[in-house]
Amino acid sequence: MESSILVGVGPAATSCLYLSGLIQCCRKIKDTVQKLASDHKDIHSSVSRVGKAIDRNFDSEICGVVSDAVWDSREKQQQTLQMAILEHLYQQGMLSVAEELCQESTLNVDLDFKQPFLELNRILEALHEQDLGPALEWAVSHRQRLLELNSSLEFKLHRLQFIRLLAGGPEKQLEALSYARHFQPFAHVHQREIQVMMGSLVYLQLGLEKSPYCHLLDNSHWAEICETFTRDACSLLGLSVESPLSVSFASGCVALPVLMNIKAVMEQRQCSGVWSHKDELPIEIELGMKCWYHSVFACPILRQQTSDSNPPIKLICGHVISRDALNKLINGGKLKCPYCPMEQNPADGKRIIF
């Protein structure tokens, strides 16, 4: 009978224990969720402000900075952008990507446009592999034009080749001395550098890496020769060292916030006609020395950049203003300088070119 009672009570007790454990588990889950919510309250608050911060700092209508009437047609803009991207790809050595872009965009690119970039990339790839042959061949074939640019590219290439022979140890001494004849055309300009390299031969038997001339073996010379070749070759071929696309992007990152503020002011004051030409900006924007490619004069009176139709004019007193400002300051056939008391004849002003 006792066994039958135990059998009858057993399932009920088990159910009670299971239900009690389930209730405790639910209570623990609820407490854990509340604790997590409390611990991460600050994070949730920050995340909820991300959207507002994006809306506040980013303008989805960047194209609205200036009216479309200022720029060329949409097709012309697209073609100009595609050519800028293509030139950037060629300049960065991404030749296969550039060819794919030509095919998909149906751009008609002449071989004359691609050839300088192909040649530059071929020589730079060889320099990265410490092969001086293609660069030396190119420098010798363009020697006269490089000299007109006061370039020291050919000398630096010969110097690096001489250093490679020195690194070969005493076995390369005779070959290095024979190669030193290449320095003769540059002796009057690079005398000091040639003397240093000749002096290093004294330590060749002891090991150049343990001598006062160990700096000649520094690997930084390879990075320097790549930069020198890129700069001088681009200058000789009429190319920019940096692609126009990368320069435009960097300049835009600096100028865009200023232009957005100007847009807001123009809309507020209803003076949308202030900016009506694609070759000028309504205000000056400082982009830094890196983006200075030519001299630009801004009239101190009218606060606008001069142009071919409105050139800078030098007055007799030495002050310089724009022609438009000069015409506005004429009173009774006389001109009084806005910076000094001198009166003068407007016809005596001379155009200057920076």
Could you tell me which of the pairs LYS114/LYS263; LYS41/LYS263; LYS156/LYS290 are separated by over 31 angstrom between their Cα atoms in the structure shown? LYS114/LYS263; LYS41/LYS263
So what's the chain giving for Cα Rg divided by 2.2 N^0.38 Å, two decimals? 1.78
What's the longest bit of the chain with no exposed trypsin sites (Lys or Arg not before Pro), using DSSP loop states and at most 13 other Cβ atoms within 10 Å as the test? 1-277
Got a sec to turn the phi values of segment 234-250 into Karplus ³J(HN,Hα) couplings, 6.51 cos²θ - 1.76 cosθ + 1.60 with θ = phi - 60°, whole Hz, x for Gly and Pro? 5, 5, 5, 8, x, 10, 7, 5, 9, 5, x, 5, 5, 5, 5, 5, 5
Amide hydrogen neighbours beyond the local backbone of GLN304, cut-off 5 Å, H modeled: CYS299
Which GluC sites (Glu not before Pro) from segment 74-167 combine a DSSP loop assignment with at most 14 other Cβ atoms within 10 Å? GLU129
Give a residue-ordered list of calculated ³J(HN,Hα) values for segment 100-114 (Karplus: 6.51 cos²θ - 1.76 cosθ + 1.60, θ = phi - 60°; whole Hz; x for Gly, Pro). 5, 5, 4, 6, 6, 9, 6, 6, 9, 10, 6, 5, 4, 6, 7
Would you work out the relative contact order for the chain, in percent, from Cα pairs under 8 angstrom that are 6 or more residues apart? 11
Accessible area in the full protein assembly, largest first, 1.4 Å probe, for ILE163, ILE316: ILE316, ILE163
In the full protein assembly as shown, how much of PHE354 is accessible to a 1.4 Å probe, in Å² to the nearest 10? 130
With all protein chains present, how much of the accessible area of segment 167-208 (probe radius 1.4 Å) comes from carbon and sulfur, to the nearest whole percent? 57
Here the net charge surrounding ALA135, from other residues whose Cβ is less than 14 Å away from its Cβ (Lys, Arg +1; Asp, Glu -1), is -3
Can you give the calculated 222 nm mean residue ellipticity of the chain, where each DSSP H run of n ≥ 4 adds -39,500 (n - 2.57) and the sum is split over every residue, rounded to the nearest 500 deg cm²/dmol? -18500 deg cm²/dmol
Collect residues whose amide H, placed 1.01 Å from N in the peptide plane, falls under 5 Å from the amide H of ILE321; neighbours closer than 5 in sequence don't count. ILE313, LEU315
Can you give the relative contact order of segment 156-263 as a percent, counting alpha carbon pairs under 8 Å and 6+ residues apart? 23
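The values are calculated or read from the model by the stated rules, or taken from the named source; none is laboratory data. Keep in mind it's a predicted model, so treat the numbers as computed, not measured. Virtual Cβ from ideal backbone geometry, glycine too; neighbours counted across all protein chains shown. Surface accessibility is based on the protein's heavy atoms, side chains included, excluding ligands, DNA and RNA. Shrake-Rupley method; radii C 1.70, N 1.55, O 1.52, S 1.80 Å.
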